[in-house]
Amino acid sequence: MIENLRDAVVDLVYLVCAVVIILGLKRLSSPRTARSGNKLVAAGLLVAVGVTLLDPHIHWRPANIAVMLIGTVVGAAGSIYLARVVPMTAMPQMVALFNGMGGATAALVAVAEFQRFVASGAVTAGERVSVAFGTTVGSVAFTGSVIAFLKLQELMTGRPVRFPLQIPLNVAVVAGIVAMWAWLLGFAGSSASVWIMFGLALLFGILLVLPVGGADMPVVISVLNSMTGLAAAAAGFVLENQILVVAGALVGASGSLLTILMSRAMNRSLANVLFGAYRTRAAGAAVAEAKPIRETTVEDTAVLLAYANLVIIVPGYGLAVAQAQHELAELANELEKRGVEVKFAIHPVAGRMPGHMNVLLAEANIPYDKLYEMEQINEEFQRADVALVVGANDVVNPAARTDPSSPLYGMPILNADQAKNVIVLKRSMRPGFAGVENELFHMPQTRMLFGDAKETLKRLVEAVKSV
């Protein structure tokens, strides 16, 4: 009787938590409500974790209690520490690691539960499918996320990694995984089949992400996030835990939708993102023709900005690296005091993950109504007196429209090149994530203002005040 009551309470609380999580995810769709949405999701998950301890099927042995306490303390302490010390520029790497941890956890739970099923002497067909799916997808998400982290953290090259017999090796690994599925599902495979599947999936996660370049890493992270959610949902089926199924399904669905939106923003299919490197020819040895670069000064830029009617600011990853969002907000305020109209143009894949620029500018209290998506702002560049590009590169490269041989070709870009004047704040002429030269930097209306964005913007603010 007591166990039935506890089961009912747990199920009811799980239902409430699921509704809270869904409402929180809905609020994440707008910058104005994203913070409260994040708190709602966190609260729903916290309550769900807490009520799970009421599950009558938990064996309260000292060893189990010790494992739960140690895992909770270590996980909470590590998460709080990372959330406080990791800069915004490194947030994609941290997201990749979190994805990986979730995938690894789901895979290990699936493997461990299969051992328990075998020991009990009965494994249903549904349990075998859940174990196979969770093990495969979770393992791929784990090692794929680790490679994504290494690329983003520049601990390994961000360029596509290719080697001889790469495609045959990929095919062989996938064939091995399929064979282990067949062995497990069709021939009641033993624990050995699950362990082999686990190892092959770990290897495939590495092979899947190695050929992906740094410019495509935001899409890959979104794919891996979706895979982690699906693996968590599979673990929920294995554990017969409703909230884990719901939360995993929500993460999987939202990650899939985000992947679709980002692929559309880049005008590329997911298959092209993941496997496009196999069709890319090796770069030739020809030396690129030297093109003119026109530099400018802080003082000349300040005069140009102060007497403009419309200034469109294009923020990019360089702004995040320099942590110059507050100085940029101060410059915008000074220009508006002089009657200059200031707008911010946000590309869907600016930075290293979706929403990167929105969050960065929100930290500097830049009003949301001054942030314009690509579709809203692109027509405005034609009447802009100045396009101020701060640390952006690939998302303003006209080669995406004009050069069929460019890896960016076909990707919708911000039309900064259509402004009357273009000022580019940049440390050097180093190319962006895609590793290609930016034609915008060589156009006659473009002036380069080299230096650290934070220091340059500080000087610009003072120069505008003195105009």
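Normalised by residue count, region 1-128 yields a Cα convex hull volume of 154 Å³ per residue. Considering only Phe381, Gln325, Pro348, and ranking their Cα positions along the charge dipole of region 298-466 that arises from unit charges at the beta-carbon of Lys, Arg, Asp and Glu, the one farthest toward the positive end is Gln325. Taking Cα centre as origin and charging only the Cβ of basic (Lys, Arg, +1) and acidic (Asp, Glu, -1) residues, the dipole magnitude of the chain rounds to 360 debye. Projected label points at Leu257 and Asp403, each 7 Å from Cα along the beta carbon direction, are separated by 3.7 nanometres. Taking the helices alone, the chain has a mean residue ellipticity at 222 nm of -20000 deg cm²/dmol, built from -39,500 (n - 2.57) per DSSP H run of at least 4 residues and averaged over all its residues. Calculate, for Gln323 and Arg35, the FRET efficiency according to 1/(1 + (r/R0)^6) with r their C-beta to C-beta distance and R0 22 Å; round to the nearest 0.05. After rounding to 0.05, the efficiency reads 0.65. For the chain, the longest principal axis of the C-alpha atoms and the axis of helix 34-52 are separated by about 10°.
Across region 298-466, the relative contact order, built from alpha-carbon pairs under 8 Å that are at least six residues apart, equals 29 percent. Extending 7 Å from the Cα toward the beta-carbon at both Gln445 and Thr296 defines two label points whose distance is 1.2 nm. As an equivalent ellipsoid, the chain spans semi-axes of 47, 28, 16 angstrom, where each value is the square root of five times an eigenvalue of the C-alpha gyration tensor, largest first.
The longest part of the chain holding none of the exposed loop GluC sites (Glu not before Pro), meaning those outside H, G, I, E and B in DSSP with at most 15 other Cβ atoms within 10 Å, is 290-467. Highest mean packing first, where packing is the average number of other Cβ atoms within 10 Å per residue, the peptides 129-141, 300-312 line up as 129-141, 300-312. Considering only beta bridges that DSSP places wholly inside the chain, some 0 percent are antiparallel. With 0.36 nm allotted per residue and the present C-alpha distance subtracted, the Val303-Lys26 stretch has 95.3 nm of extension available. Taking the charge dipole of the chain about its Cα centre, with +1 at Lys and Arg Cβ atoms and -1 at Asp and Glu Cβ atoms, the residue from Thr402, Leu257, Ile147 reaching farthest to the positive side is Ile147. Modelled this way, with points 7 Å down the Cα-to-C-beta line, the labels at Asp7 and Glu336 are 5.9 nm from one another. Computed over region 372-451, the convex hull of the alpha-carbon atoms projects to a mean area of 5.0 nm². Entry for region 298-466 at q = 0.15, 0.19 Å⁻¹: log10 I(q)/I(0) = -0.74, -1.27, Debye formula applied to identical alpha-carbon scatterers, no solvent contribution. When you filter the chymotrypsin sites (Phe, Trp or Tyr not before Pro) in region 35-127 for DSSP loop state and at most 11 other Cβ atoms inside 10 Å of their Cβ, you are left with Trp60. Less than 27 Å apart at the alpha-carbon level, and either on another chain or at least 8 residues along: which lysines does that give for Lys151? In chain and number order, the partners are Lys426, Lys454. Its residue count N fixes a reference of 2.2 N^0.38 Å for region 1-48, and the Cα radius of gyration divided by that reference is 1.40.
Take the Cα radius of gyration of region 298-343 and divide it by 2.2 N^0.38 Å, N being the number of residues; the result is 1.16.
Axis angle, to the nearest 10 degrees, between helix 453-466 and the longest C-alpha principal axis of the chain: 40 degrees. Note that region 91-278 carries a Kirkwood radius of 16.7 Å, evaluated over its alpha carbons pair by pair.
A short reminder: the numbers here are calculations on the coordinates, not readings from a lab. Since the structure is predicted, the reported quantities are computational estimates derived from the model, not experimental observations. Cβ atoms come from the backbone with ideal geometry, glycine included; neighbour counts cover every protein chain shown.
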